[in-house]
Amino acid sequence: MLQTGTKRHDNAGGSTTDLLSSIYQIEIRNEEKISDTDRIFCENQQETLYRSLDEIDRWYKIFVEEAAKYKDSHKISYEPNGKIKFHEPYNSKYDNVEIDFTKYEFKPFEVIDKLVEENYKAINAFARSVIAYFNRNYEVSVPYPEIDEKTLSMGFRPLYQSYVDLVIEHLGGKSFRDTAEEELINRFLNAVKPNRWSKVKPELKKDKIIFPDVISFDSFWDDRNKMHYNYRNELENLCAGIAFGADNSLQGSSSMIIWFNDNDVDISEPYTLTTTGAEEMKFFKNGRVDVRFKDAKTAEACFYKLKLDTIELQNNDDY
């Protein structure tokens, strides 16, 4: 429940390839945690957020002041996050003689609660935006912070440094590049590891690496080889690994498979790849995927760089 590194205001109710090449090598130091480009982005995000929060606060104070006249009649109180609590005065529904018409008046209770909700959404979006920026630009996987909606008070102003600290903590003293490579390999290995009943594992064979049981096709479609939705992420992670292993690139995805359509996969011919070190990818009906490299030396280098030699078959006796 991250709500640290902030300041409070009083409240009434309670990139380019060249850029990537340079910033990937940034080593994390206390005095220089992020680049100037990163800092400018975060500062702009924070400034934009504050303008919106100021506007939300302005309207919130107006409606809280309006609600004050119902303090006694509706026993008004406020929750820690600024939402309003009230009780409607008792009126008999069986008596047609009205003695109090205030129930027909506009009351700002719902608007107050709506402003509190929007305040939370804005701060949550800001936190996710800062984290997403680093995840996207540096190809890392920093988890998004959890913000407690019930305790986030009106007037709260988050500081971007709080979320930058989460990024730095996630890196554990490593560079962005080292962390990105480590996470990419872990995702890749998780995608290509044999299932518990498998008798085969990824295999290096001359200029090819053979990946058994990586994908699956949707059995509902008899007329075409439509990739099963649950396996699309495995293919993305496979491609990311191949691009890294063959070309040292962190931007690999299924888009590197020329003319590939996951709704109608051609299993008769191999697909050409846009990568330099890896040239072709061949799909099979049984879920196997073969990747052919420009030569056996490149295939071997990729195999060990991606730590495929560490994969072992699971022992079914453990289950």
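Couple of notes before you dig in:
- Between Asn186 and Asn233, the modelled label-to-label distance comes to 1.5 nm, taking each label 7 Å out from Cα in the direction of the beta carbon.
- Listed peptides 45-58, 279-292 appear in the order 279-292, 45-58 once ranked by packing, highest mean of other Cβ atoms within 10 Å at the front.
- Shape of segment 157-303, Cα gyration tensor, a/c cut at 1.5: prolate
- Sequence-distant residues sharing a close amide H with Tyr271 (under 5 Å, placed H): Met281, Lys282, Phe283
- Extension gain, Ser175 to Arg58: 0.36 nm times the residue separation minus the Cα-Cα distance gives 37.9 nm.
- Environment charge of Ser216, counting only residues whose C-beta is closer than 12 Å and scoring Lys/Arg +1, Asp/Glu -1: 0
- Put simply, the amide H of Phe156, placed in the peptide plane, has neighbours under 5 Å in His9, leaving out anything fewer than 5 places away on its chain.
- Estimated FRET transfer efficiency (Lys285, Gln251; beta-carbon r; R0 41 Å; 0.05): 0.90
- Among residues other than Trp259 with Cβ under 14 Å from its Cβ, the summed charge is -4 (Lys and Arg +1, Asp and Glu -1).
- Interchain or long-range residues, amide H under 5 Å from Val140's placed H: none
- Contour excess over end-to-end distance, with Cα ends at Arg128 and Lys199 and 0.36 nm allotted per residue: 21.4 nm
- A simple packing score, the average count of other Cβ atoms within 10 Å per residue, orders the peptides 266-275, 173-182 as 173-182, 266-275, with the highest score first.
- Cross-link table Lys193/Lys226; Lys150/Lys174; Lys61/Lys103; Lys285/Lys305; Lys121/Lys193; Lys201/Lys294, entries beyond 31 Å C-alpha to C-alpha: Lys150/Lys174; Lys121/Lys193
- On the basis of the beta-carbon distance and an R0 of 45 Å, Leu159 and Lys69 show a calculated FRET efficiency of 0.80.
- Calculated semi-axes √(5λ) of the Cα gyration tensor in Å (choose from (i) 54, 27, 17; (ii) 35, 25, 20; (iii) 105, 20, 15), label: (i)
- Local electrostatic count at Tyr70 - Lys and Arg +1, Asp and Glu -1, tallied over other residues with Cβ under 14 Å: -1
- Helical contribution to [θ] at 222 nm, DSSP H n ≥ 4, -39,500 (n - 2.57), averaged over the chain, rounded to 500: -13000 deg cm²/dmol
Each reported figure results from applying straightforward, stated rules to the coordinates on display, with no laboratory input. Treat the numbers as computed from the prediction; the structure is a model and nothing was measured. Heads up, the Cβs are rebuilt from the backbone with ideal geometry, glycines too, and the neighbour counts pull from every protein chain shown.
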